[in-house]
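Here's the structure we're looking at; comments come further down.
The values are calculated or read from the model by the stated rules, or taken from the named source; none is laboratory data. Keep in mind the model is a prediction, meaning the values are calculated, not measured. So basically every Cβ, Gly included, is an ideal-geometry build from the backbone, and we count neighbours across all protein chains shown.
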Amino acid sequence: MGGLPTLKLYNTLTREKSVFTPIDPQNVRMYVCGPTVYDYAHIGNARPAIVFDVLFRLLRHVYGENHVTYARNITDVDDKINARALRDHPGLPLNEAIRLVTEKTETQYLEDAKALGCLDPTVQPRATDNIGQMIDIIEKLVAKSHAYAAEGEVLFDTRSMADYGRLSNRNLDDQQAGARVAVEAHKRNPGDFVLWKLSSDSEPGWDSPWGRGRPGWHIECSAMSERYLGEIFDIHGGGLDLIFPHHENEIAQSRCAHGTDVMANVWMHNGFLQVEGRKMSKSEGNFVTIYELLHTETFGGRKWPGEVLRLAMLMTHYREPIDFSIKRLEEAERLLAKWPTFKQSGGAADASVVNALADDLNTVAAVQALHALAQAANTDPALLSAFAASAALLGVFLKETEVDEAVASAVDALVAMRLEMLKAKNFTEADKIREDLAAKGIQLKDGKDPATGERVTTWEVRR
Ligand code: AMP
Ligand code: ZN
């Protein structure tokens, strides 16, 4: 028994990899910025969902299933949502139109995440359910002179915080001197950002001490992380693009409101994903949603199972950029096809996989270790349970799918027919059967009967 591994994580705040020590090992707390629900999530958005799901699984492995709280918010108030609601449901009152947009998008996001093998976070708070908490924080900031009201907005005064800019390594003077955009007249400093803004009658709004309005983007995460994880918690995650301004401003709000030295101890950021070598964008024609990959034939002319998408993502370290391509997906699929399926998991994860993950989520090494384990398990079934438990740590499930008897006997008949064709050297027809079955998720494995030396074919269902 090697005992539990020492977990090391790279911290954007200190710019080093160091040993992770939770504030309270009985309740390890992690917050990850979730989606803004105005449109289907793209494959770039899948990256933080998957990366932090692996971390969630690892933390549960190390500290115990019931000793980790993972909060991921749903941003359901945003001007992009309003615009989408007006576009898609022009006849409806705005609040109803907004609800249609956010409910549909949120449901799809949760389905996408599930298909990608992600566990539900412990809590998934919505911004609109936490407006009161946001107002409380803004009131504290105003009372402590970290915020001021001007021209229908409440703004955070970036000069009021001595070490504003630490996370992103930005210096206010540099920003000020280099500012090309004219300072908006009502701001004390160019970097000051909106905490609250007044809404017109046609915009969504909530009553507040400053009038009917709506929150700025950053304040929601300060409010929800405090509510569910406390003023100081262990890990805060998101994509690289969120370091500035979003996370910098979350830190400013939370620390100044609570008078604390840190908001979260460890800040983790996943690298960016591009598609076929280019930044994903609608104008480049390489913008692809998780939904399209799973359910349509837009990418590479075929659908891709969630497991393949997930493994393709984990074949690169989370801090590196990823080039998402058909080639990469095919590579992940080939790898998965070599791994054994299993009826149920149980047993303990192998140390080789656990230790790789404990080293700043080295999923590349973990996938290699898992592959070695798979090869060993293919010849020694006693290793299957360790393989299954290790695969589960990466969130890759190779569970055998139940097939009903009628389907099974039809497949058996086709497999027998194909064997006859192979004997008759009718390879084209035989290949066609193999391909037709593969398209239905049924995979054939050819081998030899060790006793008779005759060709035998087994089959299994892989989603
Ligand atoms: P958004 O809905 O744009 O706020 O993004 C939700 C999450 O996805 C954030 O953590 C972003 O940093 C992340 N994200 C967005 N685009 C990409 C991308 N191309 N690659 C990796 N992560 C991304
Ligand atoms: Zn956030």
Any chance Glu226 is buried (at least 20 other Cβ atoms within 10 Å of the Cβ), within 16 Å of ligand 1 (Cβ to nearest atom), closer than 27 Å to Asn82 by Cβ and not hydrophobic (A, V, I, L, M, F, W, C): no
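Here is a list: Ala150, Ala264, Ala185. Which entry is among the aliphatic types (A, V, I, L, M) and surrounded by 16 or more Cβ atoms within 10 Å (Cβ to Cβ)?
Numbers: Ala150 fails: surrounded by 16 or more Cβ atoms within 10 Å (Cβ to Cβ); Ala185 fails: surrounded by 16 or more Cβ atoms within 10 Å (Cβ to Cβ).
Every option except Ala264 fails the conditions.
Given the criterion within 16 Å of ligand 2 (Cβ to nearest atom) and either more than 30 Å from Trp196 (Cβ to Cβ) or of a type in the set (Phe, Trp, Tyr) (or both), identify the matching residue among Phe52, Phe20. Give the derivation first.
Numbers: Phe20 fails: within 16 Å of ligand 2 (Cβ to nearest atom).
Criteria check complete, one pass: Phe52.
Condition first: away from ligand 2 (no atom under 12 Å from the Cβ) and of a type outside the set (Gly, Ala, Ser). Now tell me which residues in the stretch 220-245 satisfy that. Break it down into steps so the answer makes sense when it comes.
First, pick out the residues of the stretch 220-245 that are away from ligand 2 (no atom under 12 Å from the Cβ): 226-235, 240, 244.
Within the stretch 220-245, Glu226, Arg227, Tyr228, Leu229, Glu231, Ile232, Phe233, Asp234, Ile235, Leu240, Phe244 meet the criteria.
For the structure I just gave you, tell me whether Val123 is of a type in the set (Val, Ile, Thr) and over 17 Å from Asp79 (Cα atoms).
Values: of a type in the set (Val, Ile, Thr): yes; over 17 Å from Asp79 (Cα atoms): yes.
It is true that Val123 is of a type in the set (Val, Ile, Thr) and over 17 Å from Asp79 (Cα atoms).
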Qualifying residue in the stretch 21-31 (condition: closer than 22 Å to Ala312 by Cβ and buried (at least 19 other Cβ atoms within 10 Å of the Cβ)): no
Among (1) outside any loop (DSSP other than H, G, I, E, B); (2) more than 16 Å from ligand 1 (Cβ to nearest atom); (3) loosely packed, with under 15 Cβ neighbours inside 10 Å; (4) in contact (Cβ under 8 Å) with a residue 12 or more places away in the chain - the single one Asp173 does not satisfy: (4)
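Looking at the stretch 269-285, which of its residues are in contact with a Lys or Arg (Cβ under 7 Å, 6 or more places away or on another chain), in a strand (DSSP E or B) and either hydrophobic (A, V, I, L, M, F, W, C) or more than 16 Å from ligand 2 (Cβ to nearest atom) (or both)? I'd like the intermediate steps shown before the answer.
Residues of the stretch 269-285 in contact with a Lys or Arg (Cβ under 7 Å, 6 or more places away or on another chain): 270-271, 273, 284.
Retained after the next criterion (residues that are in a strand (DSSP E or B)): 270, 273.
Correct list: Leu273 only.
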Pairs with Cβ under 7 Å, 6+ apart, first in the stretch 190-219 and polar (S, T, N, Q), second in a loop (DSSP other than H, G, I, E, B) and surrounded by fewer than 22 Cβ atoms within 10 Å (Cβ to Cβ): Ser199/Gly205; Ser199/Arg212
Residue list for the stretch 246-259, restricted to those being away from ligand 2 (no atom under 11 Å from the Cβ) and either β-branched (Val, Ile, Thr) or in contact with a Phe, Trp or Tyr (Cβ under 7 Å, 6 or more places away or on another chain) (or both): Ala252
Which numbered condition His246 misses (of (1) within 11 Å of ligand 1 (Cβ to nearest atom); (2) part of a strand (DSSP E or B)): (2)
From Asp24, Asp88, Asp76, Asp112, residue being more than 19 Å from Met224 (Cα to Cα) and within 13 Å of ligand 1 (Cβ to nearest atom): Asp112
Test: Gly165 is without any contact (Cβ under 8 Å) to a residue 12 or more places away in the chain and either in the same structural domain as Thr12 (by TED's automatic domain parsing) or more than 16 Å from ligand 1 (Cβ to nearest atom) (or both): no
Which listed residue, of Arg84, Arg99, Arg15, Arg57, is more than 26 Å from Gly117 (Cα to Cα), charged (D, E, K, R), away from ligand 2 (no atom under 16 Å from the Cβ) and surrounded by 20 or more Cβ atoms within 10 Å (Cβ to Cβ): Arg84
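Evaluate the following for Trp217: is it within 16 Å of ligand 2 (Cβ to nearest atom) and in the same structural domain as Val51 (by TED's automatic domain parsing)? Lay out the reasoning, then the answer.
Numbers: within 16 Å of ligand 2 (Cβ to nearest atom): yes; in the same structural domain as Val51 (by TED's automatic domain parsing): yes.
It is true that Trp217 is within 16 Å of ligand 2 (Cβ to nearest atom) and in the same structural domain as Val51 (by TED's automatic domain parsing).
Would you point out the residue of the stretch 269-324, among those that are polar (S, T, N, Q) and in contact with a strand residue (DSSP E or B) (Cβ under 7 Å, 6 or more places away or on another chain), that is nearest to Ala356 (Cα to Cα)? Steps first, please.
If we filter the stretch 269-324 for residues that are polar (S, T, N, Q), which is where we start, we get 270, 274, 281, 283, 286, 289, 296, 298, 316.
Of the ones still in play, those that are also in contact with a strand residue (DSSP E or B) (Cβ under 7 Å, 6 or more places away or on another chain) are 270, 274, 286, 289, 316.
Working: Asn270: 17, Gln274: 25, Asn286: 33, Thr289: 30, Thr316: 13 Å.
Top of the filtered list is Thr316.
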Number of the condition not met by His42 [criteria: (1) more than 30 Å from Lys282 (Cβ to Cβ); (2) more than 16 Å from ligand 2 (Cβ to nearest atom)]: (1)
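Please work out which residue is surrounded by the most Cβ atoms within 10 Å (Cβ to Cβ), limiting yourself to the stretch 198-221 and to residues that are of a type outside the set (Phe, Trp, Tyr) and touching a Gly at 6+ places or on another chain (Cβ under 8 Å).
The initial filter retains those residues of the stretch 198-221 that are of a type outside the set (Phe, Trp, Tyr), namely 198-205, 207-209, 211-216, 218-221.
Then drop every residue that is not touching a Gly at 6+ places or on another chain (Cβ under 8 Å), which leaves 198-199, 205, 211-214.
Working: Leu198: 17, Ser199: 16, Gly205: 17, Gly211: 14, Arg212: 14, Gly213: 24, Arg214: 22.
Result: Gly213.
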Residue count for the stretch 1-56, restricted to those that are in a strand (DSSP E or B), under 17 Å from the mean Cα position of the chain (by Cα) and of a type outside the set (A, V, I, L, M, F, W, C): 4
